Amino acid sequence: MANVRPSGGRARDNGPIDAMKQIIPTEEFAVEYISMHGHQIGYRRGGQGPVLLLLHGIAGSSLTWVPAMSLLQSDYTVLAPDFPGHGASEKPLGDYSLGNLASAMRDFLNLLGIDRATVVGQSFGGGVALQFAYQFPERCERLVLVDAGGLGREVNWILRLATLPGAEYVMPALFPASVGNWGDSVVKFFGGRGFPNAQAVEMWRSYKSLTEGESRDAFVRTIRSVIDPGGQSVSAADRLYLTAHTPTLIVWGDHDRIIPLHHAYLAHEAIPNSRLEVMEGVGHFPQVEDPVRFVKILRDFLRTTEPSKFDPKELLDLLRQGPQDEAEPTNTTSADPQL
């Protein structure tokens, strides 16, 4: 097993109100809109410098990146779009697959006049980031996977339930519009069951988004594109070797209850020279639960790596070689993880 660097320290737990205040957006990250394929896409941006494309999880939005954006904007252009069907973006009928969303992110960058970016994806957004790096390696300077989907079969049973036949007809009763004012009570409920308050706030925002009919329909179409009743149905495992020339950082909370930590180790072994940082005491949303520590890890990675230089010949050589049975040596330096 490859060595990893655990990132110690626990996220502070200052109560639900403080947690909410921590992740409320400021005016500098107000939602902007751009028309893409005839649909309005919402996004937040700030800062100047090398571009970081920040991709959120399923039933999430660009709001999840606001704490990190505020810490990164002094040195980077931070760009956080809402996927079609999510957040402030329109929610049309259509294709919500990883491949289509990766293409949408390429078109989004094109519309903003951006050629290349470091792509940072959390959860479902990590799956989109992997797909983006696969489809458009020339556009991906670095890859950052944060508790990412698409790396193994296992996933929380609640998400699997949402893929069952007829789930869309039950969901209106499970997510009634009347819960919109329950925020603090729901955060306390989750907090009382072992979820840190910042994580509970993020879960509440996802839950609240599903009280809207269009968001709920888009959620069902999106989740069924990547999950079935048995677990995750889409995996990048057999193509991770293609990222050999892309600097890759894997960040995972050791308390993740949505996607198990061992997916991080599997990806770390499969991606040559990747870096794995395990955030102790953190769950599925490192960028919200402990943004200061998360940004410190990200900044160190950005500072100590160079953007990839896409070479079609190198990619062809990798394709011809195929995945190797054993991973290459990694650049991490501390004790083996206990699985």
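The values are calculated or read from the model by the stated rules, or taken from the named source; none is laboratory data. All of these numbers come straight from a predicted model, not from anything done at the bench. Cβ coordinates were reconstructed from backbone atoms using ideal geometry, including for glycine residues, and neighbour counts include every protein chain displayed. Only protein heavy atoms, including side chains, enter the accessible area calculation; ligands, DNA and RNA are left aside. Shrake-Rupley method; radii C 1.70, N 1.55, O 1.52, S 1.80 Å.
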If you take the residues in region 72-85 that are open to solvent by 10 Å² or more (accessible area, probe 1.4 Å) and touching a strand residue (DSSP E or B) at 6+ places or on another chain (Cβ under 9 Å), which one is nearest to S215 (Cα to Cα)? P84
How about region 229-326: which helices (runs of 4 or more DSSP H) wholly inside it have at least 2 residues that are closer than 29 Å to A162 by Cβ? 262-270, 286-289, 291-304
Of the residues that sit in region 110-138 and are more than 11 Å from the chain's Cα centre (by Cα) and crowded, with 21+ Cβ neighbours inside 10 Å, which one is farthest from P260 (Cα to Cα)? A117
Can you spot a residue in region 286-306 that is in contact with a His (Cβ under 6 Å, 6 or more places away or on another chain) and either at pLDDT 95 or above or farther than 28 Å from L71 by Cα (or both)? no
Which of the residues belonging to region 52-71 are open to solvent by less than 20 Å² (accessible area, probe 1.4 Å) and within 18 Å of V119 (Cβ to Cβ)? L52, L53, L54, L55, H56, G57, G60, S62, T64, W65, A68, M69
Which condition does P260 not pass, out of (1) open to solvent by 20 Å² or more (accessible area, probe 1.4 Å); (2) under 14 Å from V144 (Cα atoms); (3) within 17 Å of the chain's Cα centre (by Cα), if it passes all the others? (2)
